[in-house]
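*Asks:* One structure, pasted below without further comment.
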Amino acid sequence: MNALLRDTLTHLRALVAHDTRNPPRAIGAGGIFDYLRARLPGFALTLTDHGAGAVSLLAVRGRPRLLFNVHLDTVPDSPHWSASPFELRVDGERAIGLGACDIKGAAAALLAAAAHTDGACAFLFSSDEEGNDARCIPAFLRERRAFDGIVIAEPTRAEAVLAHRGIASVRVRFEGRAGHASAEQHSADSALHQAVRWGARALDVVDAEAHQRFGGLTGLRFNIGRIEGGIKANVIAPEAELRFGFRPLPSMDADALLARFRACAEPPPAAFEETFRGPPLPAGDIAGAEARRLAARDLADALGLPIGNAVDFWTEAALFSQAGYTALVYGPGDIAQAHGADEWVALGQLQTYADHVHRIIDKGLA
């Protein structure tokens, strides 16, 4: 184990020990941010508390052209962890701990790489990526800071990702009329029947988009995540609520898809509310998205990063792309190990990521 990986693991052990679960978003401006600030001597530091557990730290040394972004919040731990999720375990070739893969491993490597060279670099640490109330990145983007490129850390197996899907989450509420289930029902009487019929029509919309393609991605991703309502088996359901999400390709019109999904409800729903929207990467119409993808490819080539396939999961790189920055996603770990019990990142991935970041900073490419 070389010094860079050893230092990365030291930082990762400390970062994992800080509870930054989102929810409950009980993340303040101290704690993990005190640790980061103490390990970034020589950096100009700007700490901002955006409220509701959203805190950002911009660390700048010299006059960099590149910004590395990494989020520090994690998903909640499940009850199936085999040991404390806040105690890093190094087991053979893996580092196991909550957030080790998604994506505190990258944050630890940034700290280690910065300490092993004095080159210009800029890091943006944030704490609200895992929720539906993003504040840190939108606030940063309002400042319109000048950077030639943004490298967003997410688990991409140490390959540069240039494209991924957008994401939208929606709440739908149906209203019916309570009554005895032995009675003859009309189509609008049961709110739950309305929800089920809506689901069947929505799946038909998804099937109709199966042929669409962009950058190696195919079709529309869609999921009905929750349906609740009704009273009991012999009572016609007077109300029901449904939550669904979809992930469009960069070439798809999310507003048009929302309108089609809304039209699947007969009669019209009592409420149809989009609760979160994230654009795809790259952002823009087909022509604009392709131009941004090519610019990101050129950035990856200039940084000497291997280019991987497009991915189905969403990242905040899309927000930077939408704001006009050239953005790509690059980080250690595999998304298959994220968000699960005994989450882990391979030591080889941490080493590769730390080596690339160190080289980029040391060679003046940042």
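The values are calculated or read from the model by the stated rules, or taken from the named source; none is laboratory data. Please read all numbers here as calculations on a predicted model, not as lab measurements. Cβ atoms come from the backbone with ideal geometry, glycine included; neighbour counts cover every protein chain shown.
*Asks:* Would you mind finding the one in PRO267, PRO248 that is of a type outside the set (Lys, Arg), surrounded by fewer than 20 Cβ atoms within 10 Å (Cβ to Cβ), in contact (Cβ under 8 Å) with a residue 12 or more places away in the chain and out of contact with any Phe, Trp or Tyr (no Cβ under 8 Å at 6 or more places or on another chain)?
*Replies:* PRO267
*Asks:* Within segment 57-71, which residues are over 20 Å from GLU154 (Cα atoms), outside any loop (DSSP other than H, G, I, E, B) and not aliphatic (A, V, I, L, M)?
*Replies:* The answer is ARG61, and nothing else.
*Asks:* Out of everything in segment 1-50 that is assigned to a loop (DSSP other than H, G, I, E, B) and charged (D, E, K, R), what residue ends up being farthest from CYS136 (Cα to Cα)?
*Replies:* Across segment 1-50, the extreme among qualifying residues is ARG39.
*Asks:* Still on this model: Here are some residues: ASP34, ASP7. Which one is farther than 22 Å from PHE320 by Cβ, in the same structural domain as THR315 (by TED's automatic domain parsing) and touching a helix residue (DSSP H, G or I) at 6+ places or on another chain (Cβ under 9 Å)?
*Replies:* Of the residues listed, the single one that is farther than 22 Å from PHE320 by Cβ, in the same structural domain as THR315 (by TED's automatic domain parsing) and touching a helix residue (DSSP H, G or I) at 6+ places or on another chain (Cβ under 9 Å) is ASP7.
*Asks:* How many residues does segment 35-84 contain that are loosely packed, with under 13 Cβ neighbours inside 10 Å, of a type outside the set (A, V, I, L, M, F, W, C) and closer than 30 Å to GLY364 by Cα?
*Replies:* Within segment 35-84, residues that are loosely packed, with under 13 Cβ neighbours inside 10 Å, of a type outside the set (A, V, I, L, M, F, W, C) and closer than 30 Å to GLY364 by Cα number 3.
Residue-wise test of (1) surrounded by 22 or more Cβ atoms within 10 Å (Cβ to Cβ); (2) within 27 Å of ARG142 (Cβ to Cβ); (3) modelled with pLDDT under 95.
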site	(1), (2), (3)
LEU303	no, yes, no
ILE307	no, no, no
PHE313	no, yes, yes
VAL329	yes, yes, no
GLU343	yes, no, no
LEU347	no, no, no
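*Asks:* Now for a separate question. For residues in segment 85-130 being surrounded by fewer than 24 Cβ atoms within 10 Å (Cβ to Cβ) and of a type in the set (Lys, Arg), which is farthest from LEU347 (Cα to Cα)?
*Replies:* Selected residue: ARG89.
*Asks:* Out of segment 72-106, which residues are of a type in the set (Gly, Ala, Ser) and either at pLDDT 95 or above or part of a helix (DSSP H, G or I) (or both)?
*Replies:* Matches in segment 72-106: SER82, ALA83, SER84, ALA95, GLY97, GLY99, ALA100, GLY105, ALA106.
*Asks:* I'd like the full set of residues that are of a type in the set (Gly, Ala, Ser) and surrounded by fewer than 21 Cβ atoms within 10 Å (Cβ to Cβ), limited to segment 150-180.
*Replies:* Once the filter is applied, which keeps residues that are of a type in the set (Gly, Ala, Ser) and surrounded by fewer than 21 Cβ atoms within 10 Å (Cβ to Cβ), segment 150-180 yields SER169, ALA178, GLY179.
*Asks:* Please identify the pairs in which a residue from segment 189-213 that is in contact (Cβ under 8 Å) with a residue 24 or more places away in the chain has its Cβ atom under 7 Å from the Cβ atom of a residue that is part of a helix (DSSP H, G or I), counting only partners at least 6 apart or on another chain.
*Replies:* ALA202/PHE261; VAL205/ARG260; VAL205/PHE261
*Asks:* For segment 321-337, name all the residues that are touching a residue at least 40 places away in the same chain (Cβ under 8 Å) and in a loop (DSSP other than H, G, I, E, B).
*Replies:* Matches in segment 321-337: ALA323, TYR325, THR326, TYR330, GLY331, PRO332, GLY333.
*Asks:* While we're looking at this one, here's another question. Take ASP285 and decide whether it is surrounded by fewer than 22 Cβ atoms within 10 Å (Cβ to Cβ) and under 30 Å from LEU88 (Cβ atoms).
*Replies:* So ASP285 fails the test.
*Asks:* Would you confirm, using the coordinates I've provided, whether GLU184 is touching a strand residue (DSSP E or B) at 6+ places or on another chain (Cβ under 9 Å) and either on the phi < 0 side of the Ramachandran plot or exposed (fewer than 14 other Cβ atoms within 10 Å of the Cβ) (or both)?
*Replies:* So GLU184 does not fit the description; no.
*Asks:* While we're on this one: Quick one: in segment 338-366, of everything that is in a loop (DSSP other than H, G, I, E, B) and small (Gly, Ala, Ser), which residue is farthest from the chain's Cα centre (by Cα)?
*Replies:* If we take residues in segment 338-366 being in a loop (DSSP other than H, G, I, E, B) and small (Gly, Ala, Ser), then GLY364 is farthest from the chain's Cα centre (by Cα).
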